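The values are calculated or read from the model by the stated rules, or taken from the named source; none is laboratory data. Because the structure is predicted, anything quoted here is derived from the model rather than measured. Methodologically, a virtual Cβ is constructed for each residue, glycine included, from the backbone with ideal geometry; neighbour enumeration extends over all protein chains shown.
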């Protein structure tokens, strides 16, 4: 059965000249027969990591320490430096990662970045303010999060409860994911000022859940239920239903394994590797950015089935959904992809 993804003329008028038509004769692994219409809003992004949007302007974090500002009407990239109080570390998977605009400010954001202190790789959560064509650090909200050249986590999201949620990786030390005295391998939950919410599951701690390997995706459904996506070891990538105080097993269990007092995932990829990054929720489905899987995949929360929504553009790092439109960023310039002349790109598709 053919599926058509039609783009609203009003929303995409400025980008139509950049649209690319892909049919299933061009790609072997299209999500369905027929065609996909894609509007390309920007190209030449530099290792982008997080997408955010305020009104008609996108703000995209780039791992080397810049924010790409893109007005929908112009589709031009204005690259703005981020002035941090601690030197950015960009080796391996580190750098300027998660980025989330703070509503009702002009214009402030939360960001997560890697740094080195006393010879140790670490991560920190900071609050930023935009001032003309630069971003400045206003305050450090949480520092000393274990880091490494791999497995830094890095996603920052504001929840429907107005709390700040942050994913952290195991920093290549799997045992840390089970230790409540370490912030590695966790989902953290904080107040906007960096303090610990009174209703967190572990008194005085920002830890919300533990036993994670390298989570990079967070999304909530309309009931406020939180879901997370994380990288497994040698495949076994996971989608988890996150509950306050629960243990998701890494490194004791993974995939479909079970353990006493530990949560098995809602779904895992068995022997396949997606390397899931950012995720977004819409109408009973999660839309999942795949790095190694080189696609945006849909996971239906009711029937627990997955399918490809869009592919053919290489590695995908993050997705957001706004007013029935899905936007995603490619991640082919991160040293692991095969970048085209236009990479990396911001692409939009209608969900209607």
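Quick notes on this structure:
- Selected residue [closer than 20 Å to residue 302 by Cα, assigned by TED's automatic domain parsing to the domain that holds residue 172 and either modelled with pLDDT of 95 or more or touching a strand residue (DSSP E or B) at 6+ places or on another chain (Cβ under 6 Å) (or both)] from 258, 198, 243: 243
- Boolean, residue 30 is assigned to a loop (DSSP other than H, G, I, E, B), at pLDDT 50 or above and within 26 Å of residue 324 (Cα to Cα): no
- Residue check: residue 325 meets all listed conditions (1) without any contact (Cβ under 8 Å) to a residue 12 or more places away in the chain; (2) touching a helix residue (DSSP H, G or I) at 6+ places or on another chain (Cβ under 9 Å) but one, namely (1).
- Residue in the range 306-318 that is surrounded by fewer than 16 Cβ atoms within 10 Å (Cβ to Cβ) and modelled with pLDDT of 95 or more present: yes
- For the range 128-141, filtering for residues that are surrounded by 18 or more Cβ atoms within 10 Å (Cβ to Cβ) and either over 15 Å from residue 96 (Cα atoms) or outside the structural domain of residue 247 (by TED's automatic domain parsing) (or both) leaves 2.
- Positions within the range 171-190 being buried (at least 24 other Cβ atoms within 10 Å of the Cβ) and assigned to a helix (DSSP H, G or I), in sequence order: 177
- Pick from the range 60-76, criterion surrounded by fewer than 18 Cβ atoms within 10 Å (Cβ to Cβ) and without any contact (Cβ under 8 Å) to a residue 40 or more places away in the chain, ranking: farthest from residue 98 (Cα to Cα): 76
- Scanning the range 265-284 for residues that are surrounded by fewer than 20 Cβ atoms within 10 Å (Cβ to Cβ), more than 22 Å from residue 209 (Cα to Cα) and in contact with a strand residue (DSSP E or B) (Cβ under 7 Å, 6 or more places away or on another chain) yields 282, 284.
- Among the numbered conditions (1) crowded, with 20+ Cβ neighbours inside 10 Å; (2) in contact with a helix residue (DSSP H, G or I) (Cβ under 8 Å, 6 or more places away or on another chain), the only one that residue 296 does not meet is (2).
- Among residues of the range 48-70, those that are modelled with pLDDT under 95 and part of a strand (DSSP E or B), counted: 0
- Test result for residue 233, in contact with a helix residue (DSSP H, G or I) (Cβ under 9 Å, 6 or more places away or on another chain) and in the same structural domain as residue 120 (by TED's automatic domain parsing): yes
- The residues listed here are 188, 218, 286; of these, the one that is in contact (Cβ under 8 Å) with a residue 40 or more places away in the chain and assigned by TED's automatic domain parsing to the domain that holds residue 349 is 286.
- Residue that is buried (at least 20 other Cβ atoms within 10 Å of the Cβ) and either at pLDDT 95 or above or over 23 Å from residue 250 (Cα atoms) (or both), where the choices are 88, 125, 101: 125
- The range 102-114: number of residues that are farther than 16 Å from residue 81 by Cβ and touching a strand residue (DSSP E or B) at 6+ places or on another chain (Cβ under 7 Å): 5
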